[in-house]
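Everything below concerns the one structure shown next.
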Amino acid sequence: AEARQLLESIDISTLIGLRNRAIIATELYTFGRVGATINLKVEDCYVQERRLWLRLHEKNGKVIEMPCNHNLERFLDEYIEAAGIRMEMTAPLFRTAYRKTGRLTDRAMLQRDVYGLIVRAARAAGIQTKIGSHSMRGTGITAYLINDGTLDAAQRMAGHADPRTTKLYDRRGDQVSLDDVER
């Protein structure tokens, strides 16, 4: 619910808002590490079989290619179109903004930039839960598993060598109901 609230609260009337929504959605829907997200080039976002795909370059040289969720596909398309970067194939997909002008630079964002935008967006959305770049991965994996996704597929999508690592991100057991507490 908070992930949905976060995505829906972002002001997408600006290019920076479109970029921020696309970054957060990429983190949530791909389970990718923030390093893989900030290292995406425009060419890593491509069409195959009439669907948008992402090529994530994860740690240890692992490359994960996966189709985009329909929401992520829309968010990325809207951002790329507004930014006018579709033909800049070797350029960074997610770029820093030039001060407060709302214009993008040609430099890739850094991990701290993504962390800062997530924290600011969460605060603006009224979300009190402490979240950051890494929690996007856990939220995405947990939501996927809640919606009948398999641990094996989540493991592949997250680029984990061992299913035990993927299980560390599974927060389904953290839900304690009010009835449980009142008992």
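The values are calculated or read from the model by the stated rules, or taken from the named source; none is laboratory data. Note that this is a predicted model, so its numbers are computed, not measured. A quick note on method: Cβ atoms are made from the backbone with ideal geometry, for glycine too, and the neighbour counts reach across all protein chains shown. To get the accessible areas, we keep the full protein, side chains included, count just its heavy atoms, and leave off ligands, DNA and RNA. Shrake-Rupley method; radii C 1.70, N 1.55, O 1.52, S 1.80 Å.
Overview of results
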read-out: Strands (runs of 3 or more DSSP E) (entirely within segment 1-77) containing at least 2 residues that are under 14 Å from the mean Cα position of the chain (by Cα); value: 51-57, 63-67
read-out: Qualifying helices (runs of 4 or more DSSP H) (wholly inside segment 122-183; at least 1 residues being over 16 Å from GLU58 (Cβ atoms), modelled with pLDDT of 80 or more and not aromatic (Phe, Trp, Tyr)); value: 133-146, 151-158, 163-168
read-out: Positions within segment 84-98 being outside any strand (DSSP E or B) and either small (Gly, Ala, Ser) or open to solvent by 20 Å² or more (accessible area, probe 1.4 Å) (or both), in sequence order; value: GLY84, ARG86, MET87, GLU88, MET89, THR90, ALA91, TYR98
read-out: Tabulated pairs, segment 107-122, first more than 22 Å from GLU8 (Cβ to Cβ), second open to solvent by 50 Å² or more (accessible area, probe 1.4 Å) and at pLDDT 90 or above, C-beta under 9 angstrom, 6+ apart or interchain; value: ALA108/ASN39; ALA108/LYS41
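Here's the yes/no breakdown for (1) open to solvent by 40 Å² or more (accessible area, probe 1.4 Å); (2) under 19 Å from MET136 (Cβ atoms):
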position: THR14; (1), (2): yes, no
position: LEU18; (1), (2): no, yes
position: TYR29; (1), (2): yes, yes
position: GLY32; (1), (2): no, yes
position: GLY61; (1), (2): yes, no
position: CYS68; (1), (2): no, yes
position: ALA82; (1), (2): yes, no
